[in-house]
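A quick write-up on the structure given underneath.
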Amino acid sequence: MKSDCVFCKIIAGDIPAQVVAENAEVIVIKDINPRAPLHYLIIPKKHVPDISYLTPDDHQLAGSLLMMAQELSQQDPNAREFRLISNNGATVGQVVFHIHLHFLAGKVLS
Ligand code: AMP
Ligand code: ZN
């Protein structure tokens, strides 16, 4: 838990969010500013600023993020085909510095 992190606050229940799925390691919320008919954020409950900060201890956490994408794609016919995006660093557009995968589906994306 990082006190100034919006995703840590959502995980702690201090900020509301539309939770789509959750397990021991991962939470999935709807993006507040969706850029596709389905736009979810797959977020580890552990605060890690971006993928470059992962350590060998995070193998399971890293796998859990992809496995959650697999589960989401199975749950909804509209999500069977999807795109994952991960911004790592401000220069490539990251604005929330807590790992998240954008899960985008529901329309043809350029
Ligand atoms: P990124 O540029 O990869 O850091 O993307 C951060 C994403 O988090 C953006 O798509 C925002 O719309 C989304 N976001 C920021 N605050 C919230 C929030 N409170 N609830 C849901 N999504 C959020
Ligand atoms: Zn955080």
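We did not get these values from a lab; they are worked out from the coordinates using the rules stated. As the structure is a computational prediction, the values presented were derived from the model and not from experiment. Reconstructed Cβ throughout: ideal geometry from the backbone, glycine too, with neighbour counts over all protein chains shown.
Within the range 32-61, whose backbone N sits under 17 Å from a point 7 Å along Cα→Cβ of Asn23?
41-46, 58-61
How far, in degrees from 0 to 90, does helix 59-75 lean away from the longest principal axis of the Cα atoms of the chain, to the nearest 10?
Once rounded, one gets 20 degrees.
Relative to 2.2 N^0.38 Å, what does the C-alpha radius of gyration of the chain come to as a ratio? Two decimals please.
Numbers: Rg = 13.4 Å, N = 110, 2.2 N^0.38 = 13.1 Å.
Taking the Cα Rg and dividing by 2.2 N^0.38 Å, one obtains 1.02.
Near the amide H of Ile99, under 5 Å away, which other amide H atoms are found, from residues 5 or more places off or on another chain, if H is placed in the peptide plane?
Here Val48, Asp50 satisfy the definition.
Cβ under 13 Å from Arg35's Cβ, Arg35 left aside: what net charge do those residues give with Lys, Arg +1 and Asp, Glu -1?
So the environment of Arg35 carries a net charge of +2.
Magnitude of the Cβ-charge dipole of the range 6-105, K/R +1 and D/E -1, about the Cα centre, nearest 20 debye? Numbers along the way, then the final one.
Working: 7 positive and 10 negative charges, 48 e Å.
Computed charge dipole of the range 6-105: roughly 220 debye.
7 Å from Cα along Cα→Cβ at both His47 and Gln70: what's the point-to-point distance in nm?
Distance between label points: 3.1 nm.
For Asn78, what is the net charge nearby, where nearby means another residue's Cβ is under 15 Å from its Cβ and Lys, Arg count +1, Asp, Glu -1?
+1
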